[in-house]
1. Under 1.5 on a/c is rounded, so check that first for the stretch B:25-95, then, if it is not, pick prolate when a/b is larger than b/c and oblate when it is not; a ≥ b ≥ c are the square roots of the alpha carbon gyration tensor eigenvalues.
2. Which values of log₁₀ I(q)/I(0), to two decimal places, follow from the Debye formula for the protein assembly as shown at q = 0.08 Å⁻¹ with a uniform point scatterer at every Cα?
3. In terms of the Cα gyration tensor, with a ≥ b ≥ c the square roots of its eigenvalues, is the stretch B:125-179 rounded because a/c is under 1.5, prolate because a/b exceeds b/c, or oblate?
4. Calculate for chain B the 222 nm mean residue ellipticity that helices alone would give, adding -39,500 (n - 2.57) per DSSP H run of length 4 or more and normalising by residue count, nearest 500 deg cm²/dmol.
5. Projected onto the charge dipole of the protein assembly as shown (+1 at Lys/Arg Cβ, -1 at Asp/Glu Cβ, origin at the Cα centre), which of A:A144, B:A142, A:T198 gives the Cα projection farthest towards the positive end?
6. Order of B:T127, B:T47 from fewest to most other C-beta atoms within 10 Å?
7. Using alpha carbon centroids, what distance separates the stretch B:14-59 and the stretch B:153-179, in Å?
8. How would B:D24, B:D14 line up from fewest to most surrounding beta-carbon atoms within 10 angstrom?
Amino acid sequence: MKRFNPMSYFLFALMLLWPLAAWAHVESGQAGGFLSGLSHPISGLDHVLAMIAVGLWGAQLGFPAVWLLPVAFPMMMAFGGMLGLMGIPVPGIEVGIAVSGIVLGALILIEKKMPLFAALLIVAFFAIFHGHAHGTELEAGQNAMLYSLGFVLCTGTLHGLGIVMGLVHRWQFGRLALRGAGSIVMAGGLFFLWGALT
Amino acid sequence: MAHLVTSGLGPFYDGALHLAISPDDLLGLLAITLLAGLCGARTGRLTIIFLPLAWFVAGLAGLNLPVTIDLPWLSILSFLVLGVLVAINPKLHPKAVASLAGLFGLIHGLFNGSALAAIGAGPLALTGIVVTVLVIALIISAFVVSLHTAWTRIAVRVAGSWVAAVGMLMFGWLVRGTG
C-alpha cells in the first residue's frame, strides 16, 4: 500500500486553516479586476489572431526571435495601452489592427526571414495599435494593478500558444501547416480591414 | 495596508498573509528577486540579507511617522526599472543589485510601516510582513539561481518584461486617475 509523505499531512492541515485566513482578507472587486484584465485581450478575434501570429512567426524565425518577439509585443502593447489611458490619440487604430493581421499572416505565409531588428520593429509597431485600442476601452473603477497583471498575462499566454503551435515548424508537414495558418491569419486581417473601412 | 484585516491568527500572521495577497508589494518583490537570482548565488545571498533588513528598518521608522505615505508612482517606477533590468539581464555587480534591493525594501518598508501605524498595528505585524518577504525572496532567488538551461533563464527574462509592461499600464491608469 502506498504511504503518504509526512509533508502531505502538513499541507492538508494547512489547507484546513486556509478558509479562515482567506475569508478574513476578502476584498471586493479584486478578482473582478484581474479577470476583467485577463479576458480583455481575448475579447476580439482581431487581437487574438495577431497575438497568436506573433508567436507563430517567432517560432518560424527561430532563436532568438522566438522569445524576443513575444517580449517586444506585450511591452509595446502596454506602451500603446498607456497612451490610450492617458488620452493621447493614435490615428487609424482599427485599420492598424487589421493590417497587423494581414502583414503578420503574409510574413508567416511566405516564411519570410529578416534581420531580428526589422522583425522587432514590425511587431512593436503593430503592438501599439492593439494596446491603444485596449487602453481606450478600459472601464473605470477596475483595480489598476490586477487589471494590468491579467491583461499582460493573457497577452503573453496567447504568444506562448502561438509559439507552442509553431513548434511544428521542425517537421516538413509542420512547415506547410504553419504557412497555412499564416494564410488564415491574413484572411482574418483582410476581413477585419473590410469591416474597418466600411 | 489600509485594508489590513485581522485573520484571527494574530498580528504576526495578519502581516504575513497581507503581504502574500498584496500584488503591489509582490510584483516588485518578484522582480528584484528574479534579478538577484539571474545575477548568481552571491547576489542572491546579499539580496536576502539586505532586502528584508531594509524593509524592517524602514518599517520601524514608518511606524513612528505621523502620516501615511502612499506614493503609487514610486511602485510603478520600481516595476519599470526592475522589470526592464530582468528582461535585458545586464551584468550587474552583486553589490549594485543588493543596493537596489535595499532601496526597494526601504521604500516599501516605509509604506507598510506608516500604513500599519495609521490602523494601530505594531511591530509584530511588520515582523510578519518582513518574514514573508524573506521567505519569498529566498525561494524565488534560490530557484532562479538553480536554473541553468537557456530556455528557463529566458522564461525568467520574459517574466521581467511582463512586470515592466504592467508598470507601463499602471502609469497610464495613474495619469487617467480612475484605477
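Throughout, read-outs are computed from the coordinates displayed, never taken from laboratory work. Remember, it's a predicted structure, so these values are computed and weren't measured experimentally. Using ideal geometry, Cβ is built from the backbone for each residue, glycine included, and neighbour counts are taken over all protein chains shown.
1. Taking the square roots of the gyration eigenvalues as a ≥ b ≥ c, the stretch B:25-95 is oblate.
2. With one equal scatterer per Cα and no solvent, log10 I(q)/I(0) is -0.46.
3. In terms of gyration-tensor shape, oblate.
4. -27000 deg cm²/dmol
5. Of the candidates, B:A142 comes out farthest on the positive side.
6. By the 10 Å Cβ count, ascending, the order reads B:T127, B:T47.
7. Spelled out, the Cα-based centre of one part sits 18 Å from the other.
8. Starting with the residue having the fewest Cβ neighbours, the order is B:D24, B:D14.
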